[in-house]
Amino acid sequence: MRIRPVSAVTCALLGMTTLFLATPAKAAAPAAARTRVPVAIGHRGVPVQAPENTLAAVDRAARLGIRWVENDVQRTKDGALIVMHDTTLNRTTDVEKRFPGRAPWRISDFTLAEIEKLDAGSWYDRRFAGERVPTLKRYLQRVDRHRQRLLLEVKAPELYPGIERQLVTELRRAGWLDRGHVRNDLVVQSFSAASLKTFHGLRKDVKTGFLGAPKVSELGAYAKFADQINPNHRSVTAAWVRAVHAVKGPHGRKLEVSAWTVDDGDRAVDLARMGVDYIISNAPHVVEEALAEEDDDYGPAFSPLSFLYDL
Ligand code: G3P
Ligand code: CA
């Protein structure tokens, strides 16, 4: 999925491989476990550098060269889809100051016009004062403008009946359900299997991800409606990843694994060795750097030429 420049070291190794493969002894060498490093996904953008789930966070990801961003989608009192993680507004905006009598400040108790008055940047840093809570529509436009890709989480769908159908409508209107976006640029994920099943039923072509770490015996059931199984990184083992990869999803391809939330380079490398496909991170640039270093070192976990280390 990610295209990397081919280095001189790579060319040299490829040349050596051609020579070694020509000998019978090397033909019997075991194939390496993987040929691709995981892709880093910016969790709510790059929240170590900009307020989470804002357009500024998307811009920051773009500036760092981060191709994939993750977000959280919820619905206002008057039915607008917006991007925010918590189901209440008070942690990431100045709502307590602006609407002091409206505790507990649930998103679903506020209209879009009210939410658009809020400052979603000052809590994070004065430099981001005046940043707004984005509508999904504006968020999609910004991600598109940067030619980025989106892991869209339907957050707390049990609070917003019918949000899956509404999401389909908004994605279509924003141009995100055309062939190119569906093939390359979009995954819809949720902790709610019911919501994901509903979404999959409405748009079978769109890739979906279930947030959680089901038992191996349950994977077949999830594979009916989910292309990815996306666990907390602490529950990941190499054997579990192998079991997930052994199952085919609704589009006939092996299930993928996106692990969250990993901000430490060494841990990212460990997960890569276990075979995960994506790593969701608050510091995706740190993860990318750690993985690239490992890749450049031609560590046994990454290189299709790993048998050369046994020579
Ligand atoms: O994408 C995975 C992660 O976002 C799930 O947890 O609480 O950050 O939405 P949360
Ligand atoms: Ca999320």
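The values are calculated or read from the model by the stated rules, or taken from the named source; none is laboratory data. This one's a predicted model, so the numbers in the text were calculated from it and none came from an experiment. Every residue, glycine among them, receives a Cβ derived from its backbone with ideal geometry; neighbour counts consider all protein chains shown.
Brief remarks on what is shown
- Taking every residue in the range 173-193 that is over 28 Å from residue 232 (Cα atoms) and pairing it with any residue that is modelled with pLDDT of 95 or more and among the acidic types (Asp, Glu), at least 6 positions away or on another chain, the pairs with Cβ-Cβ distances below 9 Å are 174/144; 175/144; 177/205; 179/205.
- Residue in the range 277-292 that is farther than 20 Å from residue 67 by Cβ and not hydrophobic (A, V, I, L, M, F, W, C) present: no
- Condition broken by residue 173, with the remaining ones in (1) within 16 Å of ligand 2 (Cβ to nearest atom); (2) among the basic types (Lys, Arg); (3) over 20 Å from the mean Cα position of the chain (by Cα) satisfied: (1)
- Single residue of 219, 177 found to be more than 16 Å from ligand 1 (Cβ to nearest atom), farther than 25 Å from residue 85 by Cβ and not basic (Lys, Arg): 219
- Taking the conditions (1) buried (at least 19 other Cβ atoms within 10 Å of the Cβ); (2) at pLDDT below 95 in turn, residue 308 satisfies each one other than (1).
- Output for the range 191-216, where each listed residue is loosely packed, with under 12 Cβ neighbours inside 10 Å and within 16 Å of ligand 1 (Cβ to nearest atom): none
- Cβ pairs under 8 Å, 6+ apart, first in the range 156-171 and on the phi > 0 side of the Ramachandran plot, second crowded, with 23+ Cβ neighbours inside 10 Å: 156/74
- A search for C-beta distances below 8 Å between a residue of the range 272-296 that is touching a residue at least 60 places away in the same chain (Cβ under 8 Å) and of a type in the set (D, E, K, R) and any residue that is within 16 Å of ligand 2 (Cβ to nearest atom) and not in a strand (DSSP E or B), counting only pairs 6+ apart in sequence or on different chains, returns 288/66.
- Taking the range 1-73 and the helices (runs of 4 or more DSSP H) fully enclosed by it, the elements with 3 or more residues that are exposed (fewer than 11 other Cβ atoms within 10 Å of the Cβ) and modelled with pLDDT under 50 are at 8-21, 24-27.
- Verdict on residue 188 being buried (at least 17 other Cβ atoms within 10 Å of the Cβ), out of contact with any Phe, Trp or Tyr (no Cβ under 6 Å at 6 or more places or on another chain) and modelled with pLDDT of 95 or more: no
- Answer from 139, 124 - the residue that is away from ligand 2 (no atom under 15 Å from the Cβ), among the hydroxyl-bearing types (Ser, Thr, Tyr) and touching a residue at least 60 places away in the same chain (Cβ under 8 Å): 124
- Residue check for residue 226: in contact with a Ser or Thr (Cβ under 8 Å, 6 or more places away or on another chain), over 23 Å from residue 80 (Cα atoms) and more than 15 Å from ligand 2 (Cβ to nearest atom): yes
- The residues of the range 106-121 that are without any contact (Cβ under 8 Å) to a residue 60 or more places away in the chain and among the hydrophobic types (A, V, I, L, M, F, W, C), listed by number, are 107, 110, 112, 113, 115, 118.
- Yes/no for residue 167 being part of a loop (DSSP other than H, G, I, E, B), surrounded by 13 or more Cβ atoms within 10 Å (Cβ to Cβ) and more than 16 Å from the chain's Cα centre (by Cα): no
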